[in-house]
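Written out below as structure tokens is the structure these notes cover.
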Amino acid sequence: MAKSSSQSPWMNDELEIFRKTVRQFVQTEFVPQHPRWCQQHRPDAEAWTAAGRAGILLPEVPEEYGGGGGTFAHEAVVIEELAQAGVHFGSNVHSIVAHYILAYGSPEQRRHWLPRMVRGELVGAIAMTEPGAGSDLAGIKTSARREGDHYVINGSKTFITNGWHAGIVCLALKTDPKSAGVKGISLVMVETKNLPGYRVGRSFEKLGRHAQDTCELFFDEVRVPVSNLLGSSEGRGFTQMMEQLPFERLSIGVEAVATSELAVSITTRYAKERKAFGGPLLDLQSVRFKLAECKTEAHIGRVFIDNCIVRFIAGQLDAVTAAMAKYWLTECEGRIVDECLQLHGGYGYMTEYPIARMWADSRVQRIYAGANEIMKEVIGWAL
């Protein structure tokens, strides 16, 4: 792993041991398979159960539901190790779904879904985005009408991470289509196995993150028990999403910093080994200065994200600061990776070099979980 310039205050001996376990698993079980996963546009289903057996899925979920009983620090370790290995697996989205269940699910719902998610037997996906509604959640058209003890769901979702393997989908829909804006949105958990009317569309051909399955989902008169509603009443979906977005945005910030640190590390090594004008590339002042700028930004990002992690664990991270972290750290990631690619010259454009893959994989960070323009609005509204 690329070394940070400072020791994270949330790290301890137990987490260092956990990090070694995660790193060994990722390097042994995931990295050798990753090229094949890229070709097939998804990881193997067995990769999920293997990750479950290794204890790297939902390490922060309470032990009573089969989890590791840790904190977000454990989740951060997993995110960092996957980023450092260049593996995009979808476990972060899996964790997001689990947090919705933990926060709003009944005890019965938690016992029913979480242990299987911990074991990797049930893969989680969250379905908010639609062909005509991205960051603007008020535009959601997917709907559910009540028929006795069931909801009958119609609609479609797009850009769904883990869509191909998803066994449990946290679905944002309108339970009251007559309500204006976001008022009629609810979250309903959909178990997909052998579910009539449910269909997974094609895997998208993406710019990057080729090993991470991203699909369309279709719902045609899909019947789901009303008991699968998250929360005590309908129409609370938008509030629930707003309350849980800090977790998602913080996770993205963690990956952004880990990727930035790795980009500086591998580029520094390349600049020491690459010869130009009679000596190492690093002997050129322009190269040293550019790497100095990147190193400084990555270090500032590390200090910021560490502070956010500590605050989140303490229950003190507000939505505005989480938006700041998502916006600023992914913008830094984009600048740093782009500058590091430039310092690789022509080799930086070759996908056999990690920096090229990092460049393609990083671009989406500024788009999902609310585009960075939306993050600026969140911050601006708070002024």
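The values are calculated or read from the model by the stated rules, or taken from the named source; none is laboratory data. These numbers were taken from a predicted model, which means no experiment stands behind them. Positions of Cβ are backbone-derived with ideal geometry, glycine not excepted, and every protein chain shown enters the neighbour counts. Accessible surface areas use protein heavy atoms only, side chains included; no ligands, DNA or RNA. Shrake-Rupley method; radii C 1.70, N 1.55, O 1.52, S 1.80 Å.
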How many residues, within the stretch 181-203, are open to solvent by 10 Å² or more (accessible area, probe 1.4 Å) and in contact with a helix residue (DSSP H, G or I) (Cβ under 9 Å, 6 or more places away or on another chain)? 5
Any chance the stretch 269-288 includes a residue that's open to solvent by less than 30 Å² (accessible area, probe 1.4 Å), polar (S, T, N, Q) and part of a helix (DSSP H, G or I)? no
Do we find that Gly86 is out of contact with any strand residue (DSSP E or B) (no Cβ under 8 Å at 6 or more places or on another chain) and either aliphatic (A, V, I, L, M) or open to solvent by less than 40 Å² (accessible area, probe 1.4 Å) (or both) in this structure? yes
Taking Glu339 and the conditions (1) outside any helix (DSSP H, G or I); (2) more than 20 Å from His88 (Cβ to Cβ); (3) acidic (Asp, Glu), which numbered condition does it fall short on, given that it satisfies the others? (1)
Show the residue pairs meeting these rules: Cβ distance below 8 Å; 6+ apart or different chains; first residue within the stretch 268-294 and farther than 14 Å from Ile355 by Cβ and of a type in the set (Lys, Arg); second residue open to solvent by less than 100 Å² (accessible area, probe 1.4 Å) and not in a helix (DSSP H, G or I). Lys272/Pro280
Over the stretch 220-254, the set of residues hydroxyl-bearing (Ser, Thr, Tyr) and in a helix (DSSP H, G or I) is Ser227, Thr239, Ser251
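Restricting to the stretch 11-54, what's the tally of residues that are among the aromatic types (Phe, Trp, Tyr) and open to solvent by less than 20 Å² (accessible area, probe 1.4 Å)?
Qualifying residue count, the stretch 11-54: 3.
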Could you list, in sequence order, the residues of the stretch 142-173 that are out of contact with any Leu (no Cβ under 9 Å at 6 or more places or on another chain) and under 27 Å from Arg366 (Cα atoms)? Phe159, Thr161, Asn162, Trp164, His165
Taking the condition of being open to solvent by 60 Å² or more (accessible area, probe 1.4 Å), assigned to a helix (DSSP H, G or I) and among the charged types (D, E, K, R), how many residues in the stretch 343-365 meet it? 2
In the stretch 366-383, what residues are among the aliphatic types (A, V, I, L, M) and surrounded by fewer than 14 Cβ atoms within 10 Å (Cβ to Cβ)? Ala382, Leu383
Counting only residues that are within 23 Å of the chain's Cα centre (by Cα) and surrounded by 20 or more Cβ atoms within 10 Å (Cβ to Cβ), how many does the stretch 329-342 have? 6
Taking the stretch 132-149 and the residues there that are farther than 21 Å from Asn372 by Cβ and assigned to a strand (DSSP E or B), the one that is least open to solvent (accessible area, probe 1.4 Å) would be Ala144
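Take Lys206 and tell me if it is within 17 Å of Tyr151 (Cβ to Cβ) and among the basic types (Lys, Arg).
no
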Please state which of the following conditions Asp220 fails to meet, knowing it meets all the rest: (1) surrounded by 14 or more Cβ atoms within 10 Å (Cβ to Cβ); (2) in contact (Cβ under 8 Å) with a residue 12 or more places away in the chain. (1)
